[in-house]
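One structure is given below, encoded as structure tokens.
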Amino acid sequence: MKKGLLIVFSGVSGVGKGTILSKLMPMKELNLVYSVSMTTRKPREGEIEGVNYFFVSKKRFVQAIKNDELLEHARFVGNDYGTPKEYVEKMIAEGKNVVLEIEINGAKQIMEKCPDALSIYIVPPSIEELERRLRERSSEDEQTLMKRIAKAKKELEDMDFYEHVVCNDDLDVAVEDVRKIILKEIKKKSR
Ligand code: 5GP
């Protein structure tokens, strides 16, 4: 059986990665599955265990690293995040295209281990627009929000690392851009 594709999908907080993905995931032609990460962050309102994340204690996270259960892991604004290895490897072997919605440090670890992975970075039309979107979501206190905005400004400098950069100004256009990038890669792989 043909192996699936690993897709690294990144972008600063509040850029709309989740919304773009929610439109792409049901598209049958893309044959996507989502890799649910492990995190020590507390769930936000509406987030579901095993769907958005596996919410774990710091102790459990450290154990996962020790047991070599994670494909990559990184710290982000005071919390740990990591990709469970077993699910990703199983899905790839079954020919599914696996989406990893992860930040830059994790992305770098993945690209080192799997140079064939496709990498896509979503950028906001401007920093002002990003700040507006983050405030609108306002799931965090002001201090955390400011940290996320500062982090976002720094992270935007990293976008050169990614193979593809897509601007999320108009949602439908961004979704279509990402769809085309993934389809092209799928076709290239099956040649
Ligand atoms: P949030 O707290 O907003 O859900 O996620 C914060 C950041 O962590 C986002 O950039 C998100 O893509 C990233 N992230 C989520 N899961 C993982 C993971 O498993 N590994 C890494 N390296 N980053 C992750």
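The values are calculated or read from the model by the stated rules, or taken from the named source; none is laboratory data. Every value quoted in this text rests on a predicted model; they were computed, and no experiment measured them. Here Cβ is always computed from backbone atoms with ideal geometry, including for glycine, and neighbour counts include all displayed protein chains. For the accessible areas, the whole protein counts, side chains as well, though only heavy atoms, and no ligand, DNA or RNA atoms are used. Shrake-Rupley method; radii C 1.70, N 1.55, O 1.52, S 1.80 Å.
Residues satisfying the criterion are present in the range 42-55 (criterion: more than 24 Å from L6 (Cβ to Cβ), among the basic types (K, R) and touching a residue at least 12 places away in the same chain (Cβ under 8 Å)). For the residues G14, G18, the requirement of being within 9 Å of the ligand (Cβ to nearest atom) and either part of a helix (DSSP H, G or I) or among the acidic types (D, E) (or both) singles out G18. Counting the residues of the range 115-148 that are modelled with pLDDT of 85 or more and either of a type in the set (G, A, S) or open to solvent by less than 40 Å² (accessible area, probe 1.4 Å) (or both) gives 9. Residues in the range 27-49 that are farther than 25 Å from I182 by Cβ and more than 11 Å from the ligand (Cβ to nearest atom): 4 in all.
Every condition in (1) in a loop (DSSP other than H, G, I, E, B); (2) crowded, with 20+ Cβ neighbours inside 10 Å holds for G46 except the one numbered (2).
Going residue by residue through the range 10-17, is there one that turns out to be closer than 27 Å to D177 by Cα and hydrophobic (A, V, I, L, M, F, W, C)? Yes: one or more hits.
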